[in-house]
Every structure is written in structure tokens, then in C-alpha cells.
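A short worksheet on the structure shown next.
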Amino acid sequence: MELAFLFEKLILVTILFVLTLSIAAYSTWAERKVAAWLQDRVGPNRAGIFGLLQPLADGGKMFFKEEIIPSGSNKWLFIAGPSLALLVSFLGSAVIPFGQNIELFGRVVPLQVTDINVGILYIFGVVSLGVYGIMIGGWASNNKYSLMGAIRGASQNISYEIAMGLCIIALLLVTNTLSFKEIAEQQHSWHWNVIYQPLGFLIFIICAFAETNRVPFDLPECETELIGGYNTEYSAFKMGAYMFAEYINMFVSSAVMAVLYFGGYNYPFMDNVNALLGPTWGPLIGVAVMFIKIIAFIFFFMWVRWTIPRFRYDQLMDLGWKILIPLAIANIVITAIVITVVDKL
Amino acid sequence: MESLSGRKKVLEQKPMNFWERIYLPAIFRGMGITFMHMFKKKETIHYPEQEREFSENWRGMHSLKRDEDGRERCTACGLCALSCPAEAITMISAEREKGEEHLYREEKYAAVYEINMLRCIFCGLCEEACPKEAIYLDGPIVPADFLRKDFIYGKDKLVEMPINELEALKGATV
Amino acid sequence: MSLFYFVAFLTILFSLLVIFTKNPVYSVLYLIATFFTFTIHYILLNAQFLAVVNFIVYMGAIMVLFLFVLMLMNLNKETEPVKSNLIKIIGVIAGGTLLVTLIGSIHALQTTAASATPNSEIGLVANLGKVLFSEFLLPFELSSLLLLSAMVGAVLLAKKDKRTQNG
């Protein structure tokens, strides 16, 4: 029993790891394709059919470039920065449920690496650690632009974490649990949380953009002002690690949004489908639905990137502190009042 | 101040109303515009396979012309080299021997004629300066290469192919 | 148990490194590592909520601010002020008093059987919430009031003075 359990988790972790890597790699391809489509262009199409081998080509290029460590930099921390960014970005996917319990070879397998009862807080903690990679790397570069980028990244992440946390509190009032699995189960078929928490979702997605340092909140690395920000001095694979971490963060935050607000692997009429296909193929459809939702969110991230221009720094802070946080608090109060009134009735 | 032309328009900036201030409608409109662009016709020209049509006054790679009998028109007068603002053209002249009348039209010809394509700015002044109508910038785009020395084009690359050879080539491909 | 001793050793090692490293940024990084070992201790005690909150609040927010300020000031050996002997003596006395207090309190606090074998369920979110909002409601609300007053004070300090702005 114990060995089988370990084996099962090992396989699940391996699949998840490979999946995360490949989705992140193909996000780089998709980013360029989406950018091209939105600008009436074709995008990468030379490496393989539809340019599908482009991530491999990019990765090969990154590996063979010259590694430059600036002489004035702090060597250990210079290497620790991108490593930490990559490590932390992988941690998040551990608590995300990708599907219902599935029956495989006579065993019931949960499609989630671990279901801890503080899952949301865990994700929140991992996200808050993500900024260390940027800060340490930016500071260790011994470059003014890098330092500016690192400091912007830190202040931006801290500011938007507050609004994000307040959104989650309103969501918890609705769900009454901190476990991802239970939250996903509660949204059975079409009872998605976004119906009960539309304002919360709006604030959450804006904060997700800020936490992943994506346009319009890419101030830590804005090329036009800070010539690359925290990764100005980075080259070759360390630069690639930062880029990869950003795409993995995007994948994880898309998955979190899909589970918290868009029902995860739940879809309307899923009971009928499950009854029709049985306990192995039914949940697999759910997994497919989950990934469609994740990919839709990733597309949304890219779509926004190529539509909305970057915020100015003071606008960013105004939006975070003066608009999103009061709105999120109002959201909590309204949710609490509505729940109390409904309970009384 | 009074506008003299009477065409001056004063831009009126009204304070934004509620929907304009929350910005979301404007953002959604913008996102709609970019989304619609996904379905528009792609402007890309797939270069090596497709080529953009050149305009009539396009100036590309030089070619040294031949006359109707297939003889080189260039007489190595050096006016093109003199007119060249980028100092890209050099040549060595030679005198036509007996029996070479079918090769060179004039009594003097260019034994060596070199254009440095890295210096050339494709201004077309050599074309204008030539009294013999021997040089024209009517070729394609100068291709890329790896070494600087390969960008110095000699007569082997510049002189137009004789008409009979050109026709033989055409016949072979058809 | 051996895991506990290993983590405890790491905690002490990192906290010593916090004090003995010259570079303030390294110091903060070691402090972060120390807090991380605290998180592991909480998990070993099955106090999941406390572990995650320690993770978020201390590692994720407060230490980021520490690092932020240190990086902004860019402290290094040249900018370090010369400390007079008087300050050193005061420091030793203050540290010594703290040590005496700690030892005294540990000595006074008899470890009872109840705390030696902790209730393994108390650290879970639901149980903790029930205890906080029933038994310890007054201290909980008072501490929230304290935080609120600190927040109001910070806003007041950060707000620009209207008169100096205009004049």
C-alpha cells in the first residue's frame, strides 16, 4: 500500500513537472504567435510545421550563448536569483486539483499532488516568495537599472498581494474552506464561483497580472525605461530561467483562477457525461476541460499584453492602494452581509 | 489669442463621466479591436518563396550592360567611379586587341571592374554619369554573405549574361 | 525526532550567521532562511495554519520589506558608522539583560505534561478559528484594533501637509 502510494505520487509529480515545462515552453511559442495574429502577421513558421519546434530552437540558442557574470556582481547571489525564481514558480502547481478522482487499474487516484487543508494560503505564500528571485538577482547584478527593477518588483508585488488576499477572503466566505479540492468539488457542474464573486474575480485577475509581472504591470522589466530591469545583466540560460519562471507563473496563476473562480474541472451536464463514460474516461474529460480553461486564461494574458500599454509607476500604486484595496474590502463587506441575510431568511 | 487663419480648433476637455473613469469599457473596446485583427488578412510576405513587387524606380544590384550584338558597352572612362559619392567603384582599363571586336564595343574596355557592395549606397549616380549607358541598377537585392571580401563584386557577377547564353539557359529550363 | 534535531540545528546555525555576517543583505537572507526553518518546525508540530501564515507574513512580506530598505540604502563597509565604546558597552548590557530574562522565564515556566504532548489537531484552521473567536475573542479584537491604529498612524505620517504644499 505504502509503496503503491509513493509510486502513484511519483508518477503524478513527474507528469505534472513535464506538463508544466512543456506548457511553459509552448507559451513562449504561443506568445509570439498570438502577438503576430493580433498584429496581422504570421509569427514563427520556419522551425517545423507552424513553427512548432521554435521552443526547442530557442532553448538550444539559450544553452549555447555565452554566460556572462559581470565582474562587479555578487557571484553567488547572481546565480541564486534565477535559480530561486525557477524553483519557486514550480512549487505552486503542487496543490492544484487537475481532475476528479479517477479510476485507473482498479485504484482510485486523486489527480492532485497533495490536498493540504490550507491550500489557498500555500499558493499565496509561494506567490509572495516569487519576488525574492527578482530582488536577489536584481541586487546582485550591481547595476542601477537592475536595482530599480528589483525594487519596483518588490513594491508592486507587496501592494497587489494585499488586494489579492482580500479577494480570497471574500471567496472563502462563500466556500467555507481553504482546500482546493473542496472548493473545486463545491462548484459542481455550473455553480462556478465567478457567478457569486464577479467583482472579486475582476480584482483577482488584475492582481494576478501584477503578481506575474505581465503587461500592463511589467514595470520590473520594462524594456523602454529600464532596458530589461532586473534581468539587464543576465545572459544565456540564467536569462532563460527568468523568462521560463515568468511563463510557469502564468500557467500556475491561470490554473488557480480556473479552480477558484471558473469551476476547475467542472462543466455543465458533467454528471450525464460521467454516467455515460464511466469512472475512467469521465474524469479525463474533466481534465481536458480544466486544461481548456487554463489555456484560455493564458491566451487572455497574452491578448491583454498586446492590447494595453504599460502603467506609469504612480498610476500602478494608485490603482493598487486607492482603488483595488477599497473595492476588495467593499466586496468582503457586501459578501458578508448577503450571506448573513440569506442565512437568516 | 485670435487665430488669423480662422482654422484653429479649441479642444474641449470635458470631465470624464463615471463609465469613462472606471476605464473598463474602454479596455474592453480595445481588446475587441485587437481580437478582430486575428481574423484580418495577414500582411506578411513569405520572403524567399514570395517576393514583393519592386517599384519602377527601384535601384538594386548593378549590372554592366551589353549592346545588341552582345558586346560590353563599358569603355572604362571612369566617370562612374568619379561620380560615386561612396567611393565604391574601381576599375582598370585595357586596350582592345585585334580579334576582340565581338567582345567589346569600344576601343578601350574595363579589364577589371569592381564595386564594393558594402560601400555602395545605391544612389544611382553612376547610372546617370555613364555616357555609354553601360551601367544600370536594375538587379535584385544584394544577397547577404559571411565575409567582407565576398562583397566586392567583380565583372563575373556584374556583367550581364550574353543574349545567346541567356536563351540557351531559358531553353534548358523550359 | 531526529528530523527535529536537524531542523533545530539549522535554525541555530542560520540565526548565528545572521549576527556574524558583515554584509547586511546576507544577514537578511540568513534571517529568511531562519524563518523558513521556523515554518518547518510548525509543520512538524502539525500547526499548518501557523506555518503558512509565518511563511506568508514573515518570509513573504516583512522580510521583502527589510530587503527592500537595505537594497535602497545600499549599505556596505564604507558607509558603516564608527561605533564608540560606550555604544558597545550599552549593547552588551542590554543583550545580557535580555538573556537573563529569557533564562529566568524558562526556569520559571515549568513544562507541564499537556504542553509536552501537544494536541495534534489544535493547529488546523477550523479548530484555531473556533478558539480564536470564542475563548480569545477579546485579545484577538484588541490586537486588530492595535494594528488598525498603527495603520491610521502610518497614513497620517505619509499624508502631505496641505499648508507646506501650497506655501
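Coordinate-derived values only; no laboratory data. The model shown is predicted, which means the values in this text are computed figures rather than measured ones. Here Cβ is always computed from backbone atoms with ideal geometry, including for glycine, and neighbour counts include all displayed protein chains.
At q = 0.26 Å⁻¹ the log10 of I(q)/I(0) for the stretch A:237-305 amounts to -1.06, computed by Debye summation with a single uniform scatterer per C-alpha, solvent ignored. Per-residue mean of foreign Cβ neighbours for C:24-31 is 2 (Cβ atoms of other chains, 10 Å radius). To test your reading of the geometry: what angle, between 0 and 90 degrees and rounded to tens, separates the Cα axis of helix B:24-36 from the longest principal axis of chain B? With rounding to tens, the tilt is 30 degrees.
By the Cβ distance rule (another cysteine Cβ under 4.7 Å), the unpaired cysteines of the protein assembly as shown are A:Cys167, A:Cys207, A:Cys222, B:Cys74, B:Cys77, B:Cys84, B:Cys120, B:Cys123, B:Cys130. Radius of gyration over Kirkwood radius for chain A, both on Cα atoms: the Rg/Rh ratio is 0.98. Here the peptides C:94-105, C:21-32, A:23-34 are ranked by packing, the mean other Cβ count within 10 Å, and the order with the highest first is A:23-34, C:21-32, C:94-105. Values of log10 I(q)/I(0) for the protein assembly as shown across q = 0.06, 0.10 Å⁻¹ run -0.54, -1.11, by the Debye formula with one identical scatterer at each alpha carbon and no solvent. Using the Stokes-Einstein relation with a Kirkwood hydrodynamic radius computed over Cα pairs, the translational diffusion coefficient of the stretch A:135-200 at 37 °C and a viscosity of 0.692 mPa s comes to 227 µm²/s.
With a ≥ b ≥ c the root eigenvalues of the C-alpha gyration tensor of the stretch A:56-173, is it rounded (a/c under 1.5), prolate (a/b larger than b/c) or oblate? Oblate, since a/c reaches 1.5 and b/c is not below a/b. Among the residues of C:56-64, the average count of other protein chain beta-carbon atoms within 10 Å of the residue beta-carbon is 6.
The angle between the Cα long axis of helix A:198-211 and the main principal axis of chain A comes to about 30°, on a 0 to 90 degree scale.
Against chain A, whose longest principal axis comes from its Cα atoms, helix A:75-91 is set at around 20 degrees. Scaled against 2.2 N^0.38 Å for its residue count N, the alpha carbon radius of gyration of the stretch A:203-345 is 1.36. Computed from the C-alpha gyration tensor, the three semi-axes of the ellipsoid equivalent to chain B are 56, 24, 15 Å, from longest to shortest.
Computed from the alpha carbon atoms alone, the convex hull of the stretch A:262-345 holds 146 Å³ per residue. Among A:Val174, A:Val113, A:Val18, the residue with the largest mean-square fluctuation in a Gaussian network model of chain A, with springs joining Cα atoms closer than 10 Å, is A:Val18.
Which entries of A:Lys33/A:Lys322; A:Lys181/C:Lys130; A:Lys344/C:Lys130; A:Lys9/A:Lys238; B:Lys9/B:Lys40; B:Lys132/B:Lys157 have Cα-Cα distances beyond 28 Å here? Walk me through the numbers on the way to the answer.
Working: A:Lys33/A:Lys322 36 Å; A:Lys181/C:Lys130 22 Å; A:Lys344/C:Lys130 21 Å; A:Lys9/A:Lys238 30 Å; B:Lys9/B:Lys40 35 Å; B:Lys132/B:Lys157 20 Å.
Violating the 28 Å limit, Cα to Cα: A:Lys33/A:Lys322; A:Lys9/A:Lys238; B:Lys9/B:Lys40.
Ellipsoid fit via the Cα gyration tensor, the stretch C:1-80: semi-axes of 27, 16, 5 Å, each the root of five times an eigenvalue, largest first. May I ask for the percentage of alpha-carbon pairs in the stretch A:121-277 that lie more than 22 Å from each other? Counting pairs separated by more than 22 Å, the tail of P(r) holds 47 percent.
Cα gyration tensor of the stretch B:6-88, axes a ≥ b ≥ c as square roots of the eigenvalues: rounded (a/c below 1.5), prolate (a/b > b/c) or oblate? Note, shape of the stretch B:6-88 comes out prolate. Which of B:Lys41/B:Lys155; A:Lys144/C:Lys83; A:Lys61/A:Lys144; B:Lys98/B:Lys155 have a Cα-Cα distance over 32 Å? Long pairs (Cα-Cα over 32 Å): B:Lys41/B:Lys155.
Per residue of peptide A:126-133, the mean number of Cβ atoms on other chains within 10 Å of the residue Cβ is 4.
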